[in-house]
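Notes follow the structure.
Just so it is clear, none of the values below were taken in a lab; they were calculated from the coordinates. Note that the coordinates shown come from a computational prediction; the quantities given were computed from them, not determined experimentally. A quick note on method: Cβ atoms are made from the backbone with ideal geometry, for glycine too, and the neighbour counts reach across all protein chains shown.
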Amino acid sequence: MTISASTTNGHVNGHANGAKHHLKRSPELGFSTRAIHIGSEPDPTTGAVIPPISLSTTYKQDEVGVHKGFEYSRSGNPNRNALERVLVGLEAGAGHAITFASGSATTATILQSLGPNAHVLSVNDVYGGTFRFLTRVAKETMGIESTFVDLEIATDDEVLGAMKENTKLIWIESPTNPTLRLIDIPRIVGLARQAPSKPLVLVDNTFLSPFYASPLLQGADIVIHSLTKYINGHSDAVMGAAILPSSSTPGRDYDGLVEKLRFLQNAHGAVPSAFDCWLAQRGAKTLAVRMKAHGLNALRIASFLTSHPAVEHVIYPGLASHPLHALARTSLSPHTQQFISTLPPSSLAHGIPYGGMVSFRVRGGARSAEALLPKLKLFTLAESLGGVESLAELPARMTHASIPPAEREALGIEGLVRLSCGIEEVEDLVEDLRGALDGLEDEDSGCESGLATPSDVSDDADGLH
């Protein structure tokens, strides 16, 4: 397998459309090895081991139109190119990566590429910002129609029946945000190939990251990430990315789609800064190390929550008791399967690590959930996810507040607590949760009138939270 790296002379959006050189990926190079070395070759001028940050907005041309691959930083930047090479190296089956100023910018550009009056079939439990864009921006400004279906339980006939002659895209999150529904990606891909319109299949892989899941190997046409989350991993940069397969197939012109996405990005300027690209590349180097810790911590926390009397229901597909645990296992990437095979049986007594996100409900409903969150000391009450620090939120009032209340209720979002389990010492996190949950039990109905409730939390989130 090869990983493309752009060279000089002639480009679309800062990337060569002429000759390319390739960095060979040997079969023995593991996930972390690729993360650390691809795109991080020592600087040829100074020998610097860490790539420098290229802040220049413009680049010298030797003659008119003759340059070293870069003209203007909106169209291309060395740090952006380096990060995109890393992403191609990490997302198994990838050949192209395009980085954006945010996850929302990624979403907007992909939907814009469909053209006017297209139809999108989306999983019903989708991130609030994606729902908002589909139902408001795309509908009102592009004429794009969206149909939302529970792709976890819908039959083949129901999925096929939801497609139309102008269906151009199927939008999947798996696990979904925030109810952690699991979608059988190969099944949906197979149905998409049967449909007359042959829609593209997109998978938002933010929750699992390229470490735990490889949707392109399962047949997906596009994988997107909020790089803000696990790939950057340090809660200090807002970015997004679209990643596509390495070669086109009959009916699937990936090279043409990449060129179109780059053109649109360059035209409306949805580009990340050089510094943010440098930060995300730095974060990606430790992705595997962090994801292992996130997953093991989440498994331990989910197991604890199932045993606490104040907890009504726990959602974590890694738990052996989860109804779709078998699907979770089969959806794991090859490198995660290898990682799990090295774990001692004691670590797998209750299931397997499956990312760092856990959702649960407490007895007493939404009011008890709101009362719980301020009691936490190590879990910070905040939006977003995927950083080294643990976060807790109430999606119905925060990241998914843009979804109408009736739909939130139907989806099971009301009263749900979402945890982003960090990489702190797991027993410290368990004790933090235990103390807060015990405090709920000590209160009359879990909701004393004197408790403050977060009533003014903004849902105006820019990334894929």
Query - With eigenvalues of the C-alpha gyration tensor scaled by 5 and rooted, the range 64-132, Å - result: 29, 17, 12
Query raised in the report: According to a simple spin-label model (label point 7 Å from Cα along Cα-to-Cβ), what is the distance in nm between E425 and Q338?
Result: 3.2
Query raised in the report: For the charge dipole of the chain, defined by +1 on Lys and Arg C-beta atoms and -1 on Asp and Glu C-beta atoms about the Cα centroid, which residue among G93, G295, I153 has the Cα displaced farthest towards the positive pole?
Result: G93
Query - Of L182, S235, I170, farthest towards positive along the dipole that unit charges on Lys, Arg, Asp, Glu beta carbons give the range 139-255 - result: S235
Query - Unit Cα scatterers, Debye sum, the chain: log10 I(q)/I(0) for q = 0.07, 0.09, 0.12 Å⁻¹ - result: -0.35, -0.58, -1.03
Report summary line: Of the convex hull drawn through the C-alpha atoms of the range 120-278, the volume per residue in Å³ is 125
Report summary line: The set of residues whose placed amide H lies less than 5 Å from the amide H of H313, leaving out same-chain residues fewer than 5 positions away, is R361
Query raised in the report: Pairs K68/K168; K139/K198; K260/K285; K168/K260; K229/K285: which exceed 26 Å Cα-Cα?
Result: K68/K168; K260/K285
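May I ask you to order 220-228, 108-116, 167-175 by the average number of other C-beta atoms within 10 Å around their residues, highest value first? Mind showing how you got there, number by number?
Details: 220-228: 28.4, 108-116: 19.0, 167-175: 24.1.
Listed from highest to lowest mean packing, they are 220-228, 167-175, 108-116.
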Query raised in the report: Arranged from highest to lowest average of other beta-carbon atoms within 10 Å per residue, in what order do the peptides 65-78, 94-107 appear?
Result: 94-107, 65-78
Requested in this report: Run the quick spin-label model on L381 and E443: label points 7 Å from Cα toward the beta carbon, then report their separation in nm to one decimal.
Outcome: 0.9
Report summary line: dims of the range 187-283, Cα set, principal axes, largest to smallest, nearest Å -> 43, 33, 18
Query raised in the report: Toward the positive end of the charge dipole of the chain, about the Cα centre and with charges on Cβ (Lys, Arg +1; Asp, Glu -1), which of S321, F133, A406 goes farthest?
Result: F133
Report summary line: For the chain, the longest principal axis of the Cα atoms and the Cα long axis of helix 287-307 enclose an angle in degrees, to the nearest 10, of 20
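What do you get when you divide the Cα radius of gyration of the range 310-449 by 2.2 N^0.38 Å, with N the number of residues?
Details: Rg = 16.1 Å, N = 140, 2.2 N^0.38 = 14.4 Å.
Cα Rg divided by the expected 2.2 N^0.38 Å: 1.12.
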Query raised in the report: For all pairs of alpha-carbon atoms in the range 109-182, what percent lies in each bin of width 5 Å, listed from the first bin to the last filled one?
Result: 4, 17, 28, 24, 18, 9, 1
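Run the dipole for the chain about the Cα centre, Lys and Arg Cβ at +1, Asp and Glu Cβ at -1, nothing else charged, and hand back the magnitude in debye, nearest 20. Intermediate results must be reported in sequence, preceding the final value.
Values: 37 positive and 50 negative charges, 324 e Å.
Approximately 1560 debye in magnitude.
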Query raised in the report: Within straight cross-link reach of K60, meaning Cα distance under 14 Å, which aspartates and glutamates are found once same-chain residues fewer than 8 apart are removed?
Result: E71
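Kindly rank 181-193, 333-345 from highest to lowest mean number of other beta carbons found within 10 Å of each residue. Each step should come with its number before you reach the end.
Numbers: 181-193: 19.4, 333-345: 14.2.
Most protected by this proxy first, the peptides run 181-193, 333-345.
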Query raised in the report: Helix 426-442 versus the longest principal axis of the chain: what angle, 0 to 90°, nearest 10, using Cα atoms?
Result: 40
Requested in this report: Quick one: grab Rg to one decimal and Dmax as a whole number for the range 257-297, Cα atoms only, in Å.
Outcome: 15.3, 43
Query raised in the report: Cross-link partners among aspartates and glutamates for K292, C-alpha distance below 19 Å, same-chain residues fewer than 8 apart left out?
Result: E91, E389, E424, E425, E427, D428
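Taking every DSSP beta bridge with both residues inside the range 50-200, roughly what % is antiparallel (nearest 5)? Don't jump to the answer; show the numbers that get you there.
Numbers: 2 of 12 bridges.
About 15 percent, rounded to the nearest 5.
Please pull out the direction-averaged projected area of the range 178-227, using the convex hull of its alpha-carbon atoms, in nm² to one decimal place. Intermediate results must be reported in sequence, preceding the final value.
On the way: hull surface 15.1 nm².
Mean projected area of the Cα convex hull: 3.8 nm².
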Report summary line: Measuring from the longest principal axis of the C-alpha atoms of the chain, the long axis of helix 185-194 (C-alpha) lies at a number of degrees, nearest 10, equal to 60
Query raised in the report: Given charges of +1 on the Cβ of Lys and Arg and -1 on the Cβ of Asp and Glu, with all other atoms neutral, how large is the dipole of the range 135-234 about its Cα centre, in debye to the nearest 20?
Result: 300
Report task. Kindly work out what percent of the DSSP beta bridges joining two residues of the chain are antiparallel, to the nearest 5. Result -> 65
Report summary line: Taking the chain and counting helices only, DSSP H stretches of n ≥ 4 at -39,500 (n - 2.57) each over all residues, the nearest-500 ellipticity at 222 nm comes to -9500 deg cm²/dmol
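Just to check, using Stokes-Einstein with a Kirkwood Rh over alpha carbon pairs, what's the diffusion coefficient of the range 377-444 at 37 °C and 0.692 mPa s in µm²/s? Spell out each step's value before the answer.
On the way: Rh = 13.2 Å.
Rounded to a whole number, D works out at 249 µm²/s.
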